[in-house]
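Written out below as structure tokens is the structure these notes cover.
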Amino acid sequence: MRIFQRFEVWLLLIAGGIAIWWSFEPTQKPMESGPAEAEMSSDAPLGLRRCTLERDFGNARLDLEVRYKNASPRPLSMQPPDVRLLNAAGKEVPPFILPVERPPSIEAQTTGDIRLRFWLEKADLAGTLTLEIRGQRLEVKNSTPMDLEKLENAKPRVWTSADWKL
């Protein structure tokens, strides 16, 4: 067997070993808590990070980035009936579901940042929007009406509070 006497074979074996070692190396380093995380970790079980609204002709997709503290002994899958977005009339806004995306979840006894997506109609933007997760409520949009027609189509708008002004 003269195959192991060739330089190229040894080079490929070493490169393969490095690639295997690299794939098993942990890629996620523990994150240091910043100022926003320190203020959120106090007593608030639910906090708003960012709202992104993107018009799609007569409707809009709302992406909510929230931080939630799951005090339950079970993991929480972020989908109805545990997670709901309610408009001013108390009607539930349907989630925006992509077949290839699994619903986000938060492990038991942990706090995590998640992104929730909802499909809004024009009437949903006329008043408040309230996110409810297992009885915890968070105002996402205040009562100031927003005209969907004033938003550019397919151009996202971002807010970091419930005060949505154009």
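The values are calculated or read from the model by the stated rules, or taken from the named source; none is laboratory data. Everything quoted here is computed from the prediction, not taken from an experiment. Glycine also receives a Cβ, built like all others from the backbone with ideal geometry; neighbour counts cover every protein chain displayed. In case anyone asks, the SASA skips ligands and DNA or RNA and just uses the protein heavy atoms, side chains included. Shrake-Rupley method; radii C 1.70, N 1.55, O 1.52, S 1.80 Å.
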Margin query: For region 62-104, which positions are part of a loop (DSSP other than H, G, I, E, B) and either modelled with pLDDT of 95 or more or open to solvent by less than 30 Å² (accessible area, probe 1.4 Å) (or both)?
Written below: Ser72, Met78, Asn87
Check: What single numbered condition from (1) touching a strand residue (DSSP E or B) at 6+ places or on another chain (Cβ under 9 Å); (2) open to solvent by 50 Å² or more (accessible area, probe 1.4 Å) fails to hold for Arg55?
Finding: (2)
Item checked: Condition broken by Gln109, with the remaining ones in (1) at negative phi; (2) open to solvent by 80 Å² or more (accessible area, probe 1.4 Å); (3) touching a strand residue (DSSP E or B) at 6+ places or on another chain (Cβ under 8 Å) satisfied -> (1)
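Output yes when any residue across region 115-133 is at pLDDT below 90 and within 17 Å of Val158 (Cβ to Cβ), and no when none is. Steps first, please.
Filtering region 115-133 down to residues at pLDDT below 90 leaves none.
Looking for residues that are at pLDDT below 90 and within 17 Å of Val158 (Cβ to Cβ), one finds none in region 115-133, hence no.
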Note to self: With the requirement that a residue be of a type outside the set (Asp, Glu) and either buried (at least 16 other Cβ atoms within 10 Å of the Cβ) or in contact with a helix residue (DSSP H, G or I) (Cβ under 8 Å, 6 or more places away or on another chain) (or both), what does region 129-156 give you?
What the structure shows: Leu129, Thr130, Leu131, Ile133, Leu138, Val140, Lys141, Pro145, Met146, Leu148, Leu151
